[in-house]
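Below is one structure; the comments refer to it alone.
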Amino acid sequence: MGGCFSGDLKGGQQAVGGVDGRPIVNNNAGHNDAIDYYFRIRGQFPLFTQVELSMSASNLRDRDITSKSDPMAVVYVKKMDGMLEELGRTEVILNNLNPVWIQKINVAYQFEIVQHLVFHLYDVDTSYHNIPVKALKLNEQDFLGEATCVLSEILTKRNRSLTLNLHGKNGPGGSRNFGTLTLYAEETFLSRMVVETKLRCSQLDNKDMFSKSDPFLRISRQSESGNYVPICKTEVINNNLNPVWRPLSLSMHQFASKENPLLIECFDFNSNGNHVLIGQLHKSVSELEKLHKEGSGANLVFPSHRGREKVLKGQLFVDQFIEKEQFSFVDYISSGFELNFMVAIDFTASNGNPRHQDSLHYIDPSGRLNSYQRAIMEVGEVIQFYDSDRRFPAWGFGGRTHNGTLSHCFNLNGTNDYEVEGVHGIMSAYASALHNVTLSGPTLFSDVINKAAQMASHVASNDITKYFVLLIITDGVLTDIQGTMDALVRASDLPLSILIVGVGNEDFKQMEILDADDGHRLESSTGRVATRDIVQFVPMREVHSGQISCVQALLEELPGQFLTYVRSRNIKPLYA
């Protein structure tokens with residue numbers, strides 16, 4: 001799993017960061033501090049995409065007597081505890097019931113959570129017109145109406161535009177017309193600009209006694225405070241004083257501007273984490289571009305404690321410099337691409353008798369959700385906004401169906417139709433299956449993975465706009481670990497990602513192997529290596545103990561997996 005460099009893990013020699021990692025966005029409005037901590041302690045970073053909201057309104061109520069209302073809009077995000085956090089305010093437009101505001105509101109879009117936005121419109125009293133909008137006391141202004149939506153509802157529209165009916169403080173309903181609010185979402189241009197470089201060094205100083213150095217580069221961006229913030233590192237090239245690294249892609253989110261100074265450090269890798277500095281230099285992206293055009297190198301220097309720098313013989317060269325616009329996840333979903341959700345539920349006997357309260361499948365009459373229900377609800381509530389028909393394939397595995405047959409992929413609703421209507425349909429089919437299916441075993445994943453892969457394969461050859469997401473919820477240790485790995489390797493070529501939630505207190509080390517977050521791709525029994533990582537695993541107990549939403553931990557990698565697939569096949573957004 002990518003992330004910006006934050007101290008090398010022992011033994012870690014893979015490249016980290018770049019546009020396949022997690023862009024750093026300074027405006028983190030709407031993100032969750034607990035989630036941020038969850039990922040940062042693992043050296044990982046959630047994916048934020050900077051979005052600008054433009055707003056206009058029509059047929060607003062006129063609250064002024066001798067003139068028209070002077071409207072201003074305030075945008076909030078509703079937090080998990082129900083509290084509203086203000087994201088920004090527009091300017092005040094004088095005497096206008098159909099305003100088009102110029103001021104944009106920045107929102108950090110997170111795919112992995114449902115971001116509820118709330119819009120309040122006010123008529124600003126004339127006596128306050130010379131006061132900055134941020135200083136206005138909203139309780140002293142006339143309320144014009146409010147509206148709510150989910151950010152992904154806007155982004156999944158083909159024109160990224162959504163019109164909402166405004167209503168009073170008591171909610172929708174009533175005969176009074178409050179007018180409409182139209183929203184338009186657009187990614188900031190910087191988030192789509194990417195610079196791809198190919199770097200190499202020559203004649204590096206050797207820092208090893210009995211072999212040659214194992215060099216890698218670390219690149220840091222200068223922040224506003226003057227400190228340098230690491231943004232990525234290259235892979236390690238073993239035993240080489242003239243290394244050539246694989247192409248490195250950086251987004252403008254990471255280096256801020258082409259003129260912003262970058263610190264490029266070359267280290268000799270040591271597995272104990274005590275890497276030795278070989279040399280460094282300061283270059284902006286513009287200066288790297290100039291090195292490429294001129295075909296010249298830049299000498300590394302070695303800093304001294306007295307402030308003087310020793311110029312070294314080793315040089316840095318830029319063999320490739322390509323500046324391009326790279327399509328984002330938002331570009332695809334707003335042009336008509338969809339995420340088709342599927343779910344598979346573990347019906348093995350190790351879950352315990354569903355009639356007993358200590359069972360993982362126990363349905364609490366009070367309405368408290370068990371771990372299976374919670375995972376279905378949390379993931380389904382996010383994914384449903386990216387699936388137009390909201391019909392979801394739902395299967396069970398490891399149980400005996402009504403005729404006594406043991407099956408590792410049976411339709412959850414007990415009919416010949418594997419699809420159910422909406423998230424509530426999954427929940428209903430799951431509850432019904434607990435009465436009609438006998439828990440059995442063993443725990444096998446390969447059948448449901450192959451079933452999902454079969455569907456993805458069929459659609460992939462007919463419709464490039466569909467990408468499949470299979471959620472597997474399980475409590476047990478896999479019996480078919482090699483069969484599962486074989487199925488995953490085959491599926492890695494398809495438009496498919498697999499999310500696994502582990503419930504209960506079993507040892508889930510096998511699942512961590514399937515996740516392949518250590519940088520080592522899965523290998524099949526025939527020696528074939530997976531094309532890409534398509535699995536994300538989260539143990540529910542870890543999520544619960546940290547009070548972290550399961551869906552956020554699960555879905556954090558999904559946009560990157562989707563982009564890896566479409567980019568590898570040069571699939572562009574519709575209308576691009």
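Assuming R0 = 35 Å, what is the FRET efficiency of Asn165 and Ile131, from their Cβ-Cβ distance, to the nearest 0.05? Please report the intermediate quantities before stating the final value.
Working: r = 30 Å, r/R0 = 0.86.
For R0 = 35 Å, the calculated efficiency reads 0.70.
So which GluC sites (Glu not before Pro) in the stretch 238-314 are both in a DSSP loop and have at most 12 other Cβ atoms within 10 Å of their Cβ? Kindly include the intermediate steps, with their values, before the conclusion.
On the way: sites: Glu259, Glu265, Glu287, Glu289, Glu294, Glu309; in loops: Glu259.
Counting only loop positions with at most 12 other Cβ atoms within 10 Å, the GluC sites (Glu not before Pro) in the stretch 238-314 are Glu259.
Which value in nm describes the separation of the simple spin-label points at Ile65 and Gln454, placed 7 Å from the Cα toward the beta carbon?
It works out to 7.6 nm between the two label points.
How large a share of the accessible area of the chain, in percent, is made up of carbon and sulfur atoms when the probe is 1.4 Å and the other protein chains stay in place? Show your work: numbers first, answer last.
On the way: 12200 of 25920 Å².
Accessible surface attributable to carbon and sulfur in the chain totals 47 percent.
Express the accessible area of the stretch 207-261 per residue in Å², computed with a 1.4 Å probe while the remaining protein chains stay in the model. Intermediate results must be reported in sequence, preceding the final value.
On the way: 2610 Å² over 55 residues.
Value returned for the stretch 207-261: 47 Å² of accessible area per residue.
Out of these labelled values of Cα extents along the principal axes in Å, (1) 67, 62, 61; (2) 79, 78, 43; (3) 80, 55, 53, which was calculated from the coordinates shown here?
Of the listed options (1) 67, 62, 61; (2) 79, 78, 43; (3) 80, 55, 53, (2) comes from this structure.
Mind listing the Cα extents of the stretch 203-244 along all three principal axes, in Å, largest one first?
That works out to 42, 17, 15 Å along the principal axes.
Test of understanding: what is the full-extension gain from Thr526 to His402, defined as 0.36 nm times their sequence separation minus their Cα-Cα distance?
40.9 nm
Mind jotting down a quarter of the surface of the convex hull over the alpha carbons of the stretch 44-164, in square nanometres, one decimal?
Details: hull surface 34.1 nm².
With every direction weighted equally, the projected area is 8.5 nm².
In nm, to one decimal, how far is the His282 label point from the Asp81 one, both placed 7 Å along Cα→Cβ?
Distance between label points: 4.3 nm.
Can you give me the Kirkwood hydrodynamic radius for the stretch 246-356, using every pair of distinct Cα atoms, in Å to one decimal?
On the way: mean 1/r = 0.0524 Å⁻¹.
After inverting the mean inverse Cα-Cα distance, the result is 19.1 Å.
Based on alpha-carbon centroids, what's the gap between the stretch 347-396 and the stretch 52-119 in Å, whole number please?
37
Please compute the contact order of the stretch 279-366 in relative form: average sequence separation of alpha-carbon pairs under 8 Å and at least six residues apart, divided by the residue count, as a percent. Numbers along the way, then the final one.
Working: 76 pairs, mean separation 15.6, N = 88.
RCO, the stretch 279-366: 18 percent.
Can I get the semi-axes of the stretch 295-420's equivalent ellipsoid? Compute them from the C-alpha gyration tensor as square roots of 5 times the eigenvalues, in angstrom, largest first. Before the final figure, lay out each step's value.
Values: eigenvalues 628, 109, 49 Å².
Sorted largest first and rounded, they come to 56, 23, 16 Å.
To the nearest 0.05, how large is the calculated FRET efficiency for Asn353 and Asp507 if R₀ is 30 Å and r is the Cβ-Cβ distance?
Values: r = 22 Å, r/R0 = 0.75.
Once the sixth-power term is evaluated, E becomes 0.85.
Show the residues, 5+ positions off or on another chain, whose built amide H is closer than 5 Å to the amide H of Asn370.
Asp364
Find how much the distance from Asn274 to Thr415 grows on full extension, using 0.36 nm per residue of separation minus their present alpha carbon separation; answer in nm with one decimal. Walk me through the numbers before you get to the answer.
Values: separation 141, 0.36 × 141 = 50.76 nm, distance 6.03 nm.
Working it through step by step, the gained length comes to 44.7 nm.
Once both labels are modelled 7 Å past Cα along the beta-carbon direction, what's the Glu140-Asn177 spacing in nm?
Calculated label separation equals 3.4 nm.
What is the set of long-range amide H partners of Leu277 at a cut-off below 5 Å, with H atoms built 1.01 Å from backbone N?
Here Asp268 satisfy the definition.
For Lys233, give me every one of the lysines with a C-alpha distance below 23 angstrom, ignoring sequence neighbours fewer than eight places off in its own chain.
Output for Lys233: Lys10, Lys198, Lys207, Lys212, Lys258, Lys283, Lys290, Lys313, Lys324.
Considering only the other residues whose Cβ falls under 11 Å of the Cβ of Val114, what net charge follows from Lys and Arg at +1 and Asp and Glu at -1? Kindly include the intermediate steps, with their values, before the conclusion.
Numbers: positive: Lys78; negative: Glu112, Glu153, Glu378, Glu381.
Local charge sum for Val114: -3.
Quick query: amide H of Asp125 versus all other amide H atoms, modeled in the peptide plane; which residues come in under 5 Å with a sequence gap of 5 or more or a different chain?
Asp142
Would you mind working out the magnitude of the charge dipole of the chain relative to its Cα centre, with +1 at each Lys and Arg C-beta and -1 at each Asp and Glu C-beta, to the nearest 20 Debye? Before the final figure, lay out each step's value.
Details: 53 positive and 66 negative charges, 204 e Å.
The calculation lands at about 980 debye.
If each residue of separation counts as 0.36 nm, what is the full-extension length gain between Gln203 and Glu294 once their alpha-carbon separation is subtracted? Don't jump to the answer; show the numbers that get you there.
Numbers: separation 91, 0.36 × 91 = 32.76 nm, distance 1.96 nm.
Here the segment from Gln203 to Glu294 would lengthen by 30.8 nm.
Can you tell me which aspartates and glutamates have their Cα less than 17 Å from the Cα of Lys310? Leave out same-chain residues fewer than eight positions away.
Answer for Lys310, where 17 Å is the Cα cut-off: Asp205, Glu265, listed by chain and number.
Where both residues lie in the stretch 461-535, what percent of DSSP beta bridges are antiparallel, nearest 5? Spell out each step's value before the answer.
On the way: 1 of 9 bridges.
Restricted to the stretch 461-535, the bridges split so that about 10 percent are antiparallel.
The values are calculated or read from the model by the stated rules, or taken from the named source; none is laboratory data. Note that this is a predicted model, so its numbers are computed, not measured. Here the Cβ is made from the backbone with ideal geometry for all residues, glycine too, and neighbour counts use every protein chain on show. To get the accessible areas, we keep the full protein, side chains included, count just its heavy atoms, and leave off ligands, DNA and RNA. Shrake-Rupley method; radii C 1.70, N 1.55, O 1.52, S 1.80 Å.
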